[in-house]
Amino acid sequence: MRQNILITGASTGLGRGMALEFAARGRNPALCARRLPLLEGLRAEVNARHPDVTVAVRALDVNDHAAVFRVFRELRDELGTLDRIIVNAGIGRGASLGTGYFDANCATAQTNFVGALAQCEAALEILRSENAGHLVTIASVAAIRGLPRAQTVYAATKAGLAALTEGIRADVWNSPIRVSAIYPGYIQSDIGGSGPRKRPFIVDTETGCRALVRSIERERPRAYVPWWPWAPIALLMRVVPLGLLVKAL
């Protein structure tokens, strides 16, 4: 059983929801995010609900790459080991290219891919040293195809993360280290499911995070969450003509 579980981007949204779900299963969460007061509030909530669970927290901006390595090591040392590391931190800023929003698009690219690369490097440093463990990256169904408007750069970063994850899996193929990429559909969070237009098939955060944790626990190489309807939709997205995809979005 993976007992000590590090989650980045854990102060809100999917990270927070996964932390609560793992704690309910008796696991020890190691939580990091930029806003330490929110993490401390989450730790107090977990301790009140599950007094036997140990919660470690650290402030972390994943764009501070040196800090990523330091914080991962500190959390490993505090809990004694890290059995699973979930690369979840990310943002969804941006707009159509060429419309004056380069800074927002660049921030998304830096955080969602380069920041994720730093997290994967720091995670593998620990997992390789222990020759054990489970690396999980939170991609998105947006990774399946190039998407228009505000999703263009976001989708590209998630596609890059998915490819990075598969490359890591290939690199540790003959080792005890397990590697999974999770592709969430529309789950209510700080990134997905907000805005004036309600997205189809969206589920609330609690339902979505429960499905995420169930999927992570299976340790499959890749998984769409919730499986229905996103696994069939992902297959359809791969083959539908781009013009129809654009109209659907």
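The values are calculated or read from the model by the stated rules, or taken from the named source; none is laboratory data. Just so it is clear, the structure is predicted and the values come from calculations on it, not from any experiment. All Cβ positions, glycine included, derive from the backbone under ideal geometry; neighbour counts span all protein chains shown.
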request  = Select from the stretch 77-99 the residues that are over 19 Å from the mean Cα position of the chain (by Cα) and either more than 24 Å from Leu249 (Cβ to Cβ) or surrounded by fewer than 15 Cβ atoms within 10 Å (Cβ to Cβ) (or both) and list them in ascending order.
outcome  = Asp77, Glu78, Leu79, Gly80, Thr81, Ser96, Leu97, Gly98, Thr99
task = List the strands (runs of 3 or more DSSP E) that sit entirely inside the stretch 121-234 and contain at least 1 residues that are among the aromatic types (Phe, Trp, Tyr) and either closer than 30 Å to Thr81 by Cα or touching a residue at least 40 places away in the same chain (Cβ under 8 Å) (or both).
result = 178-184, 222-225
query = Which condition does Ser96 not pass, out of (1) touching a Pro at 6+ places or on another chain (Cβ under 8 Å); (2) under 29 Å from Arg25 (Cβ atoms), if it passes all the others?
reply = (2)
task = May I ask you to list the residues in the stretch 7-19 that are surrounded by fewer than 24 Cβ atoms within 10 Å (Cβ to Cβ) and assigned to a strand (DSSP E or B)?
result = none
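A quick yes/no check of all residues on (1) touching a residue at least 40 places away in the same chain (Cβ under 8 Å); (2) farther than 20 Å from Tyr154 by Cβ:
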{"residue": "Arg25", "(1), (2)": "yes, yes"}
{"residue": "Asn28", "(1), (2)": "yes, yes"}
{"residue": "Pro37", "(1), (2)": "no, yes"}
{"residue": "Val46", "(1), (2)": "no, yes"}
{"residue": "Arg49", "(1), (2)": "no, yes"}
{"residue": "Asn88", "(1), (2)": "yes, no"}
request  = Could you figure out which of (1) buried (at least 21 other Cβ atoms within 10 Å of the Cβ); (2) closer than 17 Å to Ile138 by Cα isn't true of Leu117?
outcome  = (1)
inquiry  = Looking at (1) crowded, with 24+ Cβ neighbours inside 10 Å; (2) closer than 25 Å to Ala156 by Cβ; (3) of a type in the set (Phe, Trp, Tyr), which one does Phe102 not meet, given that it meets all the others?
reply    = (1)
ask   = Restricting attention to the stretch 90-106, does a residue exist that is within 23 Å of Arg220 (Cβ to Cβ) and either touching a Gly at 6+ places or on another chain (Cβ under 6 Å) or not polar (S, T, N, Q) (or both)?
value = yes
request  = Take Ala59 and decide whether it is under 19 Å from the mean Cα position of the chain (by Cα) and of a type in the set (Gly, Ala, Ser).
outcome  = yes
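Residues to consider are Val179, Val240, Val203, Val225; find the one that is at pLDDT 80 or above and farther than 29 Å from Ala123 by Cβ. So that I can check it myself, show each step before the final result.
Values: Val179 fails: farther than 29 Å from Ala123 by Cβ; Val203 fails: farther than 29 Å from Ala123 by Cβ; Val225 fails: farther than 29 Å from Ala123 by Cβ.
Criteria check complete, one pass: Val240.
Yes or no, residue by residue, for (1) buried (at least 16 other Cβ atoms within 10 Å of the Cβ); (2) at pLDDT 95 or above; (3) in a strand (DSSP E or B):
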| position | (1), (2), (3) |
| --- | --- |
| Ile5 | yes, yes, yes |
| Ala23 | yes, yes, no |
| Gly26 | no, yes, no |
| Pro29 | yes, yes, yes |
| Leu38 | yes, yes, no |
| Asp52 | no, yes, no |
| Val62 | yes, yes, no |
| Leu75 | yes, yes, no |
